[in-house]
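Asks: One structure, as structure tokens, below. Some questions next.
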Amino acid sequence: MDLFKIIGLGILISIVVVITKQIKPELGVAVMLAGSTLMLIYILNSFTGVISSFNQIVNQTGINQELFSIIIKIIGVGYLIEFAADICRDSGNSAIAEKVILGGKVIIFMLAMPIITSLFNIILELLN
């Protein structure tokens, strides 16, 4: 099961980071970043099945493909921003992590503008 692989990989990376920090503290952040990137790639490979399922739902229901694409992008940005902020926090840069999160929120808002515009257009059509 993917869950146990992710847990095992996370524990293994954590152990390697702790050992590396004890031997060469300056390499700890680099090892953590490399291990985190490895985990992210593994998790994203698992995510492709979910996206194909959503595509099938969109095709069956006739939902606008562009809006669906925007929603997937927003979800992806949210996960990536959280991932980057956690790396910043783990390396002792919580102030930078907060700026990364703020930047992510701005990007998500910009990505959501077509959805918000579409929603307002539907409301206006219903009112007229």
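Asks: Give segment 1-45 a look and list any residue that's polar (S, T, N, Q) and either assigned by TED's automatic domain parsing to the domain that holds Ala84 or within 16 Å of the chain's Cα centre (by Cα) (or both), or say none.
Replies: Restricting attention to segment 1-45, the residues satisfying the condition of being polar (S, T, N, Q) are 14, 20, 22, 36-37, 45.
Once the filter is applied, which keeps residues that are polar (S, T, N, Q) and either assigned by TED's automatic domain parsing to the domain that holds Ala84 or within 16 Å of the chain's Cα centre (by Cα) (or both), segment 1-45 yields Ser36, Thr37, Asn45.
Asks: Same structure again: Tell me whether segment 49-63 contains one or more residues that are in a helix (DSSP H, G or I), of a type in the set (Val, Ile, Thr), within 16 Å of the chain's Cα centre (by Cα) and over 30 Å from Pro25 (Cα atoms).
Replies: Keep residues of segment 49-63 that are in a helix (DSSP H, G or I), which gives 49-61.
Narrowing further to those that are of a type in the set (Val, Ile, Thr): 50-51, 57-58, 61.
If we keep only those that are within 16 Å of the chain's Cα centre (by Cα) too, we end up with 50-51.
Applying the additional criterion that residues be over 30 Å from Pro25 (Cα atoms) yields 50-51.
Checked segment 49-63: at least one residue is in a helix (DSSP H, G or I), of a type in the set (Val, Ile, Thr), within 16 Å of the chain's Cα centre (by Cα) and over 30 Å from Pro25 (Cα atoms).
Asks: Out of segment 12-33, which residues are surrounded by fewer than 14 Cβ atoms within 10 Å (Cβ to Cβ) and among the hydrophobic types (A, V, I, L, M, F, W, C)? Walk me through it before giving the result.
Replies: Initially, segment 12-33 is screened for residues surrounded by fewer than 14 Cβ atoms within 10 Å (Cβ to Cβ), giving 12, 14-15, 18-19, 22-27, 30.
Listed by number, the residues that qualify are Leu12, Ile15, Val18, Ile19, Ile23, Leu27, Ala30.
Asks: Right, something else. Give Lys99, Lys73 a once-over and let me know the one that is under 11 Å from the mean Cα position of the chain (by Cα), part of a helix (DSSP H, G or I) and among the basic types (Lys, Arg). So that I can check it myself, show each step before the final result.
Replies: Details: Lys99 fails: under 11 Å from the mean Cα position of the chain (by Cα).
Result: Lys73 is the single residue among Lys99, Lys73 that is under 11 Å from the mean Cα position of the chain (by Cα), part of a helix (DSSP H, G or I) and among the basic types (Lys, Arg).
The values are calculated or read from the model by the stated rules, or taken from the named source; none is laboratory data. Note that the coordinates shown come from a computational prediction; the quantities given were computed from them, not determined experimentally. So basically every Cβ, Gly included, is an ideal-geometry build from the backbone, and we count neighbours across all protein chains shown.
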